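Let me begin by presenting the structure, written as structure tokens, before commenting on it.
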Amino acid sequence: MTEINTTVNERTIWNRAFYMLIFVLCLGVAKFVAFMVIVFQFFFVLLTGTPNPKLLTFGLNLSTYVYQGMLFLTFNSETHPYPMGDWPEGRAEIEPDN
């Protein structure tokens, strides 16, 4: 029981909870943006026959961001994703940083 009280009273766990709340909100926005990228890319391919390269790059980076956010939220990473960290460029790392 003392172990639980110590954990509850630690400032670091409450800081993490604050960051987790921020990232949950950011991932909600990212989900909407991803939906828009999907729709725009679909219609772009429908009209031109090829994907838009800028949307491909942005979609890849957005997917990496969502992956990094989920790693943080599930305690598989201590690295803060964007907006506390850098915006990702390229594919996500396969291994979490634990």
Inverse mean reciprocal Cα-Cα distance (Kirkwood Rh) of region 2-73, Å: 14.5 Å
Along Cα→Cβ, 7 Å out, is where each label goes; now give me the distance between the ones at Leu60 and Ile22 in nm to one decimal. 2.8 nm
Table column - 3J(HN,Hα) (Hz), region 16-32, Karplus curve with 6.51, -1.76, 1.60, x for Gly and Pro: 5, 4, 4, 5, 4, 4, 4, 6, 4, 5, 4, 5, x, 5, 4, 4, 5
Please turn the phi angles of region 51-61 into ³J(HN,Hα) values with the Karplus equation 6.51 cos²θ - 1.76 cosθ + 1.60 (θ = phi - 60°), one per residue in order, whole Hz, x for glycine and proline. x, 6, x, 5, 5, 4, 5, 5, x, 5, 5
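Since every read-out is calculated from the coordinates, none of them should be taken as a lab result. The model shown is predicted, which means the values in this text are computed figures rather than measured ones. Counting neighbours? That spans all protein chains shown, and the Cβs are built from the backbone with ideal geometry, glycine included.
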